[in-house]
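What follows is calculated from the coordinates using simple rules that are stated; it is not laboratory data. Predicted model only: the values in this text are computed from it and were never measured. Backbone-built Cβ (ideal geometry, glycine too); neighbour counts: all protein chains shown.
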């Protein structure tokens with residue numbers, strides 16, 4: 001064998017190894033925390049169909065938009081939304097310095113009884129609690145407050161940080177979609193700045209891909225410096241039809257794939273899957289009382305009724321959390 | 001020379017060639033349609049400072065947000081905003097089928113006299129014209145209408161399509177920033193769906209990076225299908241303090257660099273350059289009556305007065321369009 005032949009042989013070996021590595025990579029399970037089943041197959045075959053060059057359903061990378069609800073879809077929402085725990089903790093922390101709050105029956109009840117003080121609260125009541133605890137500061141100061149709270153607050157059942165109670169199977173989906181050129185968005189009823197505080201480190205979703213409910217902002221020039229301050233009022237509620245509207249106003253493209261878990265996601269899934277061309281709507285059905293929670297039609301948080309009834313007609317995939325997932329938390 | 005030596009020599013030649021090519025690329029003028037001068041130097045030295053690893057001003061790619069006003073910054077805005085021409089043309093086209101419009105003095109004046117019919121129009125008048133011409137259809141239908149109009153409308157002085165009257169030097173800046181890892185956004189008073197109709201093919205800016213004024217949307221289910229319809233009312237005006245607010249609400253990060261050309265961009269530049277760390281605010285000053293237009297303090301369109309006065313104190317770069325640009329149009 002001449003030197004040249006040896007070098008060519010070595011090159012061939014390297015190429016074969018590289019090919020083998022690529023091929024092994026391609027055969028790696030794209031959703032390792034999902035059990036094999038109809039849900040996993042539906043997601044994988046959808047992604048393959050819209051990303052494989054030459055496929056009749058092929059969609060260019062720029063058009064690959066995926067939207068995710070947050071509470072109950074990406075992280076735990078029982079026994080109450082994490083943001084409700086945050087409100088209660090803020091009310092308690094702030095209440096000491098606000099003796100006048102004792103004259104407000106709602107505020108006094110929340111400070112005294114915590115979440116139980118919210119029983120029977122109207123939407124107007126909730127808005128007043130949000131205003132009292134979320135307003136009067138800059139968005140940056142608010143995010144810092146959320147991060148400080150996340151550091152110390154613990155979920156009542158699992159005794160873990162709330163941002164540890166994110167679903168491993170959904171992190172797999174986020175990674176899998178991004179590896180296939182999708183831009184992943186949160187579209188959730190939660191406060192946009194509340195979610196931005198942790199969305200990037202926890203989900204890999206940057207602030208500009210987080211869409212949520214919004215506080216009104218006020219622009220002020222303080223000592224010559226531009227300042228934005230969160231007002232006590234809510235400017236936009238990103239729920240139900242609001243989700244479809246926010247997707248149009250902010251993203252300006254109809255998603256290819258959308259994930260939700262409650263009737264609040266109905267219109268987002270409709271707007272996604274009725275856009276023409278191949279699309280996928282996925283509903284996370286909480287059926288896992290042992291490892292997490294089981295709830296749907298009668299739950300006060302994350303009620304799933306209408307979307308469950310219509311999923312067959314709409315062609316949406318219903319994920320059975322108990323059967324479909326291998327592992328629960330990140 | 002052995003075979004091995006010859007191969008090594010060939011490899012060395014390839015490496016040298018590759019190195020030379022890279023080096024030549026690095027030395028290529030990043031803003032070829034700009035004359036050498038203070039403006040160009042300020043932009044290039046800023047970009048180098050925030051992107052060079054090890055630089056004290058280094059910023060990670062994810063944080064590299066650049067925002068651009070549209071009218072007068074990226075494309076021509078004289079003698080009137082392109083969207084005003086669009087409104088006039090729509091009024092004329094629709095007027096034939098709407099005899100009742102003749103009873104509305106404003107509508108009748110616009111249909112009869114065109115732009116001149118807008119003289120003395122109030123903000124409320126303009127909103128009613130926008131409502132009459134932009135409402136009652138889906139966003140997709142509206143974009144199609146804008147594209148059809150762009151195909152046929154011509155600028156009164158230059159006799160060219162409006163989307164040909166975009167500034168070559170600004171396309172250079174967009175390309176240069178994107179090549180350096182920046183995400184480029186439009187943040188403009190123009191209608192968001194009006195701009196999305198052409199922003200991607202003309203500027204390389206995708207729909208989700210276009211922020212503008214917004215029509216209210218209505219969600220309807222028509223024969224079981226989700227539909228969004230533009231209402232006649234304006235939900236948000238993306239001008240002045242509104243630009244800073246929209247940047248916070250939608251992007252959630254403060255830009256590193258912002259380009260504007262009028263007092264409507266003042267707060268966006270303030271919000272950008274006062275964010276701490278190295279930032280750059282750039283004002284496009286229209287000084288080129290011969291090749292384009294010259295206007296500033298007394299112009300009814302694109303008035304630049306306060307921002308010109310305060311640019312020195314704020315450290316903003318004032319681009320002198322006549323002196324700074326080699327070529328005008330794309």
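Plainly put, the tip 7 Å out from Cα toward Cβ on residue B:100 is 5.0 nm from that tip on each other copy, the closest given first.
Please figure out what share of the DSSP beta bridges in chain B is antiparallel and state it in percent, rounded to the nearest 5. Present the calculation step by step, with values, prior to reporting the outcome.
Numbers: 13 of 32 bridges.
Here the share of antiparallel DSSP bridges comes out near 40 percent.
Seen from all directions on average, the protein assembly as shown presents a Cα convex hull projection of 37.5 nm². Against the main long axis of the alpha-carbon atoms of chain A, helix A:38-51 sits at an angle near 70°.
How would B:111, A:205, A:247 line up from fewest to most surrounding beta-carbon atoms within 10 angstrom?
With the fewest neighbours first, B:111, A:205, A:247 line up as B:111, A:205, A:247.
Across the copies of the chain, residue B:52 has label points (7 Å from Cα along Cα→Cβ) spaced 4.9 nm apart, shortest distance listed first.
By the count of other C-beta atoms within 10 Å, a proxy for reagent exposure, A:292, A:77, A:223 are ordered fewest to most as A:223, A:292, A:77.
What does DSSP give for the protein assembly as shown in terms of the percent of beta bridges that are antiparallel, rounded to the nearest 5? List each step's numbers first, then the result.
On the way: 26 of 64 bridges.
Antiparallel: roughly 40 percent of the beta bridges in the protein assembly as shown.
Going by the alpha-carbon gyration tensor, a ≥ b ≥ c the square roots of its eigenvalues, is the stretch A:117-230 rounded (a/c under 1.5) or, if a/c is not under 1.5, prolate (a/b greater than b/c) versus oblate? Verdict is oblate for the stretch A:117-230.
Counting only DSSP beta bridges with both residues in the stretch A:120-255, tell me the antiparallel percent, nearest 5. The answer is about 75 percent antiparallel.
Within the listed set A:142, A:219, A:46, the Gaussian network model of chain A (springs between alpha-carbon atoms below 10 Å) gives the highest mean-square fluctuation for A:219. Calculate the length of the line joining the C-alpha centroid of the stretch B:44-105 to that of the stretch A:93-169, in whole Å. Value for the Cα centre distance between the two parts: 40 Å.
Label the stretch B:210-307 by shape, choosing from rounded, prolate and oblate, from the square roots a ≥ b ≥ c of the eigenvalues of the Cα gyration tensor; if a/c is under 1.5 it is rounded, and otherwise prolate applies when a/b is larger than b/c, oblate when it is not.
Working: a/c = 3.05, a/b = 1.64, b/c = 1.87.
Taking the square roots of the gyration eigenvalues as a ≥ b ≥ c, the stretch B:210-307 is oblate.
With a ≥ b ≥ c the root eigenvalues of the C-alpha gyration tensor of the stretch A:78-167, is it rounded (a/c under 1.5), prolate (a/b larger than b/c) or oblate? Numbers along the way, then the final one.
Numbers: a/c = 1.82, a/b = 1.30, b/c = 1.40.
Here the stretch A:78-167 falls in the oblate category.
Label point of residue A:235 (7 Å along Cα→beta-carbon): distances to the other copies' equivalent points are 1.2 nm, sorted ascending. The stretch A:186-223 and the stretch A:235-268 have Cα centres separated by 16 Å.
Restricting to DSSP H runs of at least four residues, report the calculated mean residue ellipticity at 222 nm for chain B, -39500 (n - 2.57) per run over all residues, nearest 500 deg cm²/dmol.
For chain B, the value works out to -13000 deg cm²/dmol.
Sorting B:130, A:210 from the fewest to the most surrounding beta carbons within 10 angstrom yields B:130, A:210.
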